[in-house]
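Colleague: Can you read through this structure? Questions will come right after.
Each value in this text was obtained by applying a stated rule to the coordinates, not by laboratory testing. Note that the structure is predicted; figures quoted are calculated from it, not measured. Please note: Cβ atoms are built from the backbone with ideal geometry, for glycine as well, and neighbour counts cover all protein chains shown.
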Amino acid sequence: MNIHGSRVLLPGASGAIGSALAVRLHRSGARLALAGHDEGRLRRVSEACEGAPVFRFDAYELDRCARAPDWAAGELGGLDAVVVCVGVAGFGPVDTVPDAVAEHLFTVNALAPLAFLRAALPRVTPPGVLAAVTGVVVDAPPAGMADYAAAKSALAAWLTAVRRERRRTGTSVLDIRLPHVESGFAARRVVGEPPRLPRGLTVDEAADRIVAELTGQEG
């Protein structure tokens, strides 16, 4: 993906990683449409990106999530990429996680990202990019994070299947599996106490890694 001049919808732009990524993409010449939950932070990110258009959503409003790609294409005159940085953490043994909390984890970490990406399929112009941040929990689900890891794994499985479906269209489908990031993500958990985690990437390092994957320079 050539970032300069690309038209990018960024769901999760009001979060720590999403906001850092937005600034990097903007500085590299991308034209952004920013979607997020926290309206105040979303506006501040917009200001840092020279007034990029904003779209507020709640992860439970899947229909609204699905409207974002059409909105972004209208604002930007088309759509070349969607990069989803939406997520929320949850911790604890499975018998301590209420069903309502498990539903929340699956909605935010899987169903909402799928709504954005599914609706973007007919909108992203080949050779375009559909991408989402999952995490290394997909490769090795840790104890005490079963529901969170299962939700991220569901998103990863969906991305794998869609990549196979879109293999001949020229559209790239990326599963960006970041390691732990020192973003305050664990502190904003919806349940449980986080385990002792190894020192992770900084937010800036995480944003750099996402850009590298988008441009095919990772690894």
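Colleague: Relative to the first principal axis of the alpha-carbon coordinates of the chain, what is the inclination of helix 62-76, with its axis defined by its Cα atoms, in degrees from 0 to 90 and to the nearest 10?
Modeller: It works out to around 30 degrees.
Colleague: Further question on the same structure: Given the rule -39500 (n - 2.57) for each run of at least 4 DSSP H residues, summed and divided by the residues of the chain, what is its mean residue ellipticity at 222 nm, to the nearest 500 deg cm²/dmol? The partial results should precede the final answer.
Modeller: Numbers: 7 runs with 86 residues, N = 219.
After summing the helix terms and dividing by the residues of the chain, the value is -12500 deg cm²/dmol.
Colleague: Angle check, please: helix 39-48 long axis (alpha carbons) against the longest principal axis of the chain (alpha carbons), in degrees 0 to 90, nearest 10.
Modeller: The angle comes out near 40 degrees.
Colleague: Follow-up question, since we're still on this one. How high is the relative contact order of segment 94-173, in percent, with contacts defined as C-alpha pairs under 8 Å that are six or more residues apart?
Modeller: Working: 70 pairs, mean separation 31.6, N = 80.
Over segment 94-173, the number comes to 39 percent.
Colleague: Springs between alpha-carbon atoms under 10 Å, Gaussian network over the chain: tell me which of ALA35, ALA161, ALA73 tops the mean-square fluctuations.
Modeller: Of ALA35, ALA161, ALA73, the Gaussian network model singles out ALA161 as fluctuating most.
Colleague: For each of ILE210, ILE3, count neighbouring Cβ atoms within 10 Å of the residue's Cβ, then give the residues from fewest to most.
Modeller: Lowest count first: ILE3, ILE210.
Colleague: For ALA187 and THR215 in the same chain, what is the full-extension length gain: residue separation times 0.36 nm, less their Cα-Cα distance, in nm?
Modeller: Extending this stretch completely gives an extra 7.0 nm.
Colleague: Relative contact order for segment 7-206: what is it in percent, counting Cα pairs under 8 Å that are at least 6 residues apart?
Modeller: Reported relative contact order: 21 percent.
Colleague: Same structure, new question: Which distance in Å, rounded to a whole number, links the C-alpha centroids of segment 110-124 and segment 68-91?
Modeller: Rounded to whole Å, the Cα centres lie 8 Å apart.
Colleague: I've got another one for you. Rule-of-thumb check for the chain: C-alpha Rg over 2.2 N^0.38 Å?
Modeller: 0.95
Colleague: Here's a follow-up. If we count trypsin sites (Lys or Arg not before Pro) as exposed when they sit in a DSSP loop and have at most 14 other beta carbons within 10 Å, what is the longest stretch of the chain that avoids them all?
Modeller: Details: sites that count: ARG167, ARG168, ARG196, ARG199.
For trypsin sites (Lys or Arg not before Pro) (loop position, at most 14 other Cβ atoms within 10 Å), the longest site-free span of the chain is 1-166.
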